[in-house]
1. Go through (1) more than 13 Å from the chain's Cα centre (by Cα); (2) at pLDDT below 75 for C47 and report which single condition fails.
2. Quick check on my filter: what residues within segment 14-26 are at negative phi and modelled with pLDDT of 85 or more?
3. When segment 19-43 is examined, which residues are found to be surrounded by 11 or more Cβ atoms within 10 Å (Cβ to Cβ) and assigned to a helix (DSSP H, G or I)?
4. Among the listed residues L42, L31, which satisfies the condition of being hydrophobic (A, V, I, L, M, F, W, C), at pLDDT below 85 and in contact with a Ser or Thr (Cβ under 6 Å, 6 or more places away or on another chain)?
Amino acid sequence: MMAINLWGSDKKFDVYLQRIEQSFSQRVLVLPTDDPATSSFLAFAVCPGFALGQPARPRQTAGSPT
């Protein structure tokens, strides 16, 4: 997941938004803000093999049993 705040008045605003949408397969949520000059975004990516609700496996460290 990526959270970002962009200036709505930036001349490249549309370019940045398109790049974010392309990078996150159109899974972008634009949130309203109190300041019309800024926009907040949340972008979501799905990783292969990752399922929500399943605990992550503990990392192996040097000296830990395998």
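1. (1)
2. Listed by number, the residues that qualify are D14, V15, Y16, L17, Q18, R19, I20, E21, Q22, S23.
3. Within segment 19-43, R19, I20, E21, S23 qualify.
4. L31
The values are calculated or read from the model by the stated rules, or taken from the named source; none is laboratory data. Bear in mind that the values here come from a model prediction, so they are computed numbers and not experimental data. Cβ atoms come from the backbone with ideal geometry, glycine included; neighbour counts cover every protein chain shown.
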